[in-house]
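Data block below; observations after.
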Amino acid sequence: MTLTLGVIGIDHRHIYGQLAHMLDRGCRCAGWWTDGAPQPLDGFIERFPNIPRVPDRHMLLEDPDIDMILIADIPDRRADLAIEAMRAGKEVMSDKPGCTTLEQLDRLRACVAETGRIWSIDFSERFEVPAVTRAAELITEGAIGQVVQTVGLGPHRLNRATRPDWFFEPARYGGILTDIASHQLDQFLYLTGSEDAEILAATIGNFANPGDPGLEDFGEILLRSDRAQGYIRVDWYTPDALPTWGDGRLTILGTKGTIELRKYVDVAGRPGTDHLFLTNGTRCEHINAADASLPYFDRLIADVRDRTETAMGQAHCFKVMELALTAQAQAIRRGALA
């Protein structure tokens, strides 16, 4: 099955990966709409020069040939756009976070129940990272035994000069735990096989940017499920000397071994991305996982065709955002936020 896509909102650069991966799998894009001229506009046009811009998003919503809408608008607008799309008979792939309030999440749940449409979030730090696929395969093979803890680190580069005004308004971006930490919450649930979890403690802070009081530049979460424990740290402190936007890491502790991922860079000097380090009773090695598959996009296409949930369970998608929003709401405020 080949899907016809429409794009609504290109306010975040994640739209590049969302659309490119779907096009690589044979989908076609009928058009795109965005409000005004957001920062990623020039890059989007450069990457997708042959896709037309339409003057009104309703042209995409009312097009009977369009199967799925991709959304990367300003975070606080994504839920309403997704609901609008699902009520127009479209499936939805949203950038993270898929919503910014628990009230929005409740309305999304109700809309999915009402329409039977798919609301999926492209958690790119899993779905666009081959090393995570390989780690999951190793866990399934029993390479590290039972997973009892994950430690997910999500540092990002601030690039302050290029950030739009909404980036410094928590009500617009949802807060650092709602936004960035949703990635690590997704990975915790997925890799530990957990359906639910409890937020034990959460912190948000502004330690390096007191002149931007709306910016949360640090966040952490301590959580547990009935199967495992987890710790998450996210921040906007990536130093300029690092050759990429962040040294994203994931450590998976099992009863018989450990997997560590350095997703985007190995500061020890190995070239490339997707570095996996495996240690167990018989192996202690570095694995180049860059050639592992990215099954999310193929599975999502199949889910539209077969009305299945192989790419990501709908309940899982809801639960990730519920946990992120809950952690954000109960977080202790530190530094310039206190």
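The values are calculated or read from the model by the stated rules, or taken from the named source; none is laboratory data. Quick caveat: nothing in here was measured; it's all calculated off a predicted structure. Glycine also receives a Cβ, built like all others from the backbone with ideal geometry; neighbour counts cover every protein chain displayed.
Odds and ends about this structure:
- Candidates G26, G43, G6 - the one that is of a type outside the set (V, I, T) and either touching a strand residue (DSSP E or B) at 6+ places or on another chain (Cβ under 7 Å) or not assigned by TED's automatic domain parsing to the domain that holds Q104 (or both): G6
- Of the strands (runs of 3 or more DSSP E) lying entirely inside segment 146-245, those containing at least 1 residues that are within 19 Å of the chain's Cα centre (by Cα) and not aliphatic (A, V, I, L, M) are 147-155, 218-224, 229-235.
- Cross-chain or 6+ apart pairs with Cβ under 6 Å, segment 273-289 first and acidic (D, E), then part of a strand (DSSP E or B) and buried (at least 18 other Cβ atoms within 10 Å of the Cβ): E285/L278
- Condition met for F207 (at pLDDT 95 or above and surrounded by fewer than 20 Cβ atoms within 10 Å (Cβ to Cβ)): yes
- Only a single criterion out of (1) under 30 Å from T326 (Cα atoms); (2) surrounded by 23 or more Cβ atoms within 10 Å (Cβ to Cβ); (3) not polar (S, T, N, Q) is not satisfied by D80, namely (2).
- Filtered residue count, segment 107-165, keeping only those that are in contact with a strand residue (DSSP E or B) (Cβ under 7 Å, 6 or more places away or on another chain) and among the polar types (S, T, N, Q): 4
- From the list A72, A85, A135, the one residue that fits, being assigned by TED's automatic domain parsing to the domain that holds L189 and surrounded by 23 or more Cβ atoms within 10 Å (Cβ to Cβ), is A135.
- Residue check for L242: over 11 Å from P155 (Cβ atoms) and aliphatic (A, V, I, L, M): no
- Every pair of residues 6+ apart whose Cβ atoms lie under 6 Å, when the first sits in segment 168-191 and is closer than 21 Å to Y231 by Cβ while the second is basic (K, R) and surrounded by fewer than 24 Cβ atoms within 10 Å (Cβ to Cβ): D186/R126; Q187/R126
- E260 farther than 25 Å from L325 by Cβ and free of Cβ contacts under 8 Å to residues at least 24 places away in the same chain: yes
- Verdict on T100 being among the polar types (S, T, N, Q), in the same structural domain as G9 (by TED's automatic domain parsing) and buried (at least 24 other Cβ atoms within 10 Å of the Cβ): yes
- Just so you know, in segment 138-160 the residues that are crowded, with 22+ Cβ neighbours inside 10 Å and not hydrophobic (A, V, I, L, M, F, W, C) include one that is farthest from F297 (Cα to Cα), and it is T150.
- Test: residue in segment 221-234 that is under 19 Å from V132 (Cα atoms), among the polar types (S, T, N, Q) and modelled with pLDDT of 95 or more: yes
- Restricted to segment 271-314, and to residues there that are among the polar types (S, T, N, Q) and outside any strand (DSSP E or B), the residue that is nearest to R109 (Cα to Cα) is Q314.
- Scanning segment 1-19 for residues that are within 17 Å of A311 (Cα to Cα) and modelled with pLDDT of 95 or more yields L3, G17, Q18, L19.
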